[in-house]
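Q: My questions all concern the structure below.
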Amino acid sequence: MAESLSGQAPQASTIPSQRKVGMVSLGCPKALVDSERILTRLRADGYAMSPDYAGADVVLVNTCGFLDSAKEESLSAIGEAIAENGRVIVTGCMGDEAELIRARFPDVLAVTGAHQYEDVVEAVHEAAPPSQGPFVDLIPQPGALKQRSGSAEEYVKLTPRHYSYLKISEGCNHACAFCIIPQLRGKLASRRIDAVLREAEKLVAAGTKELLVISQDTSAYGVDIRHEERLWKGHPVRAHMTDLARELGRLKTPEGQQPWVRLHYVYPYPHVDGVIPLMAEGLLTPYLDIPFQHASPKVLRAMKRPANEAKVLERIRIWRAIAPDLTIRSSFVVGFPGETEEDFQYLLDWLDEAQLDRVGAFRFEPVEGAQANALPDPVPEEVKEERYARIMEKTEAISAAKLAAKVGRVLPVIVDEVGEPDEDGDIGATARSQADAPEIDGNVFLRNVAPDLKPGDFIDVEIEDADAHDLFGVPV
């Protein structure tokens, strides 16, 4: 070892150990993006991520408060984190119910609300102060929390490398009777279009092959800022769903491929018609996630939702004429207060006409603070269950027929997972078609794939078989 000028060997610098943070993220993809942003900021402040309770100096629980069942799941997760670790910070949609949380779990260190990133980070700093030192302080600092910044190495992702959620706004201007999202997340607050596009560009450059555009109301993007224009790549672009979709469709991966771009939470406003030609041109993945919620005009009025179901059917026909491979996913609520057998049958008949590709259904559940709780004529639980079973049977049959029609076709897929060779050397893989969003839709299960196939690869496959939810195929 070299000696100092005084003749004594210099003392070795001690690098302080990194504090570790655990994260439990519950709820929707929008909450997942919030978790990613929080962890990105904490890592930039010198924290490491802990994969388990035992190794964490503090545990964050990002809660969901949309339904009472979701609240119970969140409270259960908080209880588990306290039992396993003891040092817990609560954030997310249930943060507005701090009194309830503290009454049940008085040892919780802090409670913050949805997308209050700075408050969460400050709470972590107080609970487990970051290690200080010249080595830790050299960790690159990201930009403002309003947008993802820096390289892929700086940004913490909770999804696989090849797909990413792109949140374009917070909050919602609707006043649906069954929902308390505006109370939890506030009114619509759109991000700047150039900030959204910059984030998308960086994600694609870092390996993202599929962008999933999310918000509470994607169709309303930019309404609150009057669709303001910003310069992007030398030309003006509006904060508008159509402009956003067009620009996202022009992105390229480092390999020169066009990433898939999927639109979620799209309300069927008239201007949605404008994105369908982009799908026909190949700029946008032919997929729309539209929360119709019901079809009966009477129930839709009680829900305080637009009641133009007949016009929607005609628009769906026009959309499919323009983009024949269009996949439409939706969700419906059964057993809403006042829903009669006639209303429910209307919904089933509407589904026969609409022939939606992917459908999720939910039994109505009272949510504290929702207007629907005061409505008369609640539907008995056993009737809700019976209607839920009927709508799932109906939509499963529609899905099975639509998927069976794809047998024999060659479709592009994106690979999610590659298996190990079996005893015969055959390698299988799990992939998705353009009709399948991750986590919520089906899969394409592949046989006899190439040994060098990787997650995130795009390949063409021939569909050999189908069931009610998934496809089965082989690379061509």
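Q: Using only Cα atoms, what Kirkwood radius does region 20-138 have, in angstroms?
A: On the way: mean 1/r = 0.0708 Å⁻¹.
About 14.1 Å for region 20-138.
Q: Ok, one more. Would you calculate the convex hull of the Cα atoms in region 296-346 and tell me its volume per residue in Å³?
A: Values: hull volume 4.3 nm³, N = 51.
For region 296-346, the hull spanned by Cα atoms encloses 85 Å³ per residue.
Q: Under 9 Å from the Cβ of Phe472, count the other residues' Cβ atoms, weight Lys and Arg +1, Asp and Glu -1, and hand me the total. Can you show the working numbers first?
A: On the way: positive: Arg447; negative: Glu464, Asp465, Asp467, Asp470.
Result for the neighbourhood of Phe472: -3.
Q: While we're here: Just name one of Val237, Asn443, Val333: the one whose Cα is farthest towards the positive end of the charge dipole of the chain (beta-carbon charges, Lys/Arg +1, Asp/Glu -1).
A: Value computed over the given set: Val237.
Q: Related question: Summing +1 for each Lys or Arg and -1 for each Asp or Glu, what net charge is found among the other residues whose Cβ lies under 14 Å from the Cβ of Asp441? Mind showing how you got there, number by number?
A: Values: positive: Arg262, Arg329, Arg358, Lys402, Lys406, Arg432; negative: Glu210, Asp289, Asp357, Glu396, Asp416, Asp436, Glu439, Asp467, Asp470.
Surrounding charge for Asp441 is -3.
Q: Follow-up. Can you tell me the mean projection area, over all orientations, of the convex hull of region 163-404's alpha carbons? Units nm², please.
A: Details: hull surface 54.8 nm².
Mean orientational projected area (region 163-404, Cα hull): 13.7 nm².
Q: Return a whole-number percent for the relative contact order of the chain, with Cα pairs under 8 Å and 6 or more residues apart as the contact set.
A: Working: 935 pairs, mean separation 45.3, N = 476.
Once divided by the residue count of the chain, the mean separation gives 10 percent.
Q: Let me spell out the model: positive unit charges on the Cβ of Lys and Arg, negative unit charges on the Cβ of Asp and Glu, origin at the Cα centre of the chain. What dipole size does that give, in debye rounded to 20?
A: Working: 51 positive and 75 negative charges, 401 e Å.
That gives the chain a dipole magnitude of about 1920 debye.
Q: Based only on other Cβ atoms within 10 Å, what is the fewest-to-most ordering of Phe336, Phe472? Mind dumping the intermediate values first?
A: Working: Phe336 26, Phe472 17.
Placing the least packed residue first, the sequence is Phe472, Phe336.
Q: From the P(r) of the chain, could you give the percentage of C-alpha pairs in the tail past 35 Å?
A: Values: 44429 of 113050 pairs.
Above the 35 Å cut-off, the chain has 39 percent of its Cα pairs.
Q: Now a separate question. Restricting the calculation to Cα positions, tell me the Rg (one decimal) and the Dmax (whole number) of region 341-422 in Å.
A: Final numbers for Rg and Dmax: 18.6, 59 Å.
Q: Distance from the Cα centre of region 49-71 to that of region 88-115, in angstrom?
A: Going from one Cα centre to the other spans 11 Å.
Q: Could you check the simple spin-label distance between Val407 and Arg226, using points 7 Å along Cα→Cβ, in nm with one decimal?
A: So the two model labels end up 5.8 nm from each other.
Q: Quick one: putting +1 on the C-beta of Lys and Arg, -1 on the C-beta of Asp and Glu, what dipole do you get for region 205-269 around its Cα centre, in Debye to the nearest 20?
A: Details: 9 positive and 8 negative charges, 43 e Å.
Roughly 200 debye for region 205-269.
Q: Right, something else. Determine the sum of side-chain charges near Met279: Lys and Arg each +1, Asp and Glu each -1, restricted to other residues whose C-beta is under 13 angstrom from that of Met279.
A: Details: positive: Arg246, Arg262, Arg320; negative: Asp273, Glu281, Asp325.
Taking every Cβ under 13 Å from that of Met279, the sum is 0.
Q: Okay, next question. May I ask for the distance between the Cα centers of region 259-317 and region 318-339, given as a whole number of Å?
A: Value for the Cα centre distance between the two parts: 7 Å.
Q: Taking loop as defined by DSSP and a crowding limit of 10 other beta carbons within 10 Å, which chymotrypsin sites (Phe, Trp or Tyr not before Pro) in region 230-327 fit?
A: Values: sites: Trp232, Trp260, Tyr265, Tyr287, Phe292, Trp319; in loops: Tyr265, Phe292.
Filter output for region 230-327: empty list.
Q: Still on this structure, please answer the following. With unit charges on the beta carbon (Lys/Arg positive, Asp/Glu negative), name the residue among Gln183, Val275, Thr253 whose Cα is farthest towards the positive pole of the charge dipole of the chain.
A: So the residue we want is Val275.
Q: Residue farthest toward the positive end of the dipole of the chain, with Cβ of Lys/Arg at +1 and Asp/Glu at -1: which of Phe344, Ile318, Pro160?
A: Value: Ile318.
Computed from the coordinates by the stated procedures, all read-outs in this text should not be read as laboratory data. These figures come from a predicted structure and were not determined experimentally. Don't worry about glycine lacking a Cβ; one is built from the backbone with ideal geometry, like all the others, and counts go over all protein chains shown.
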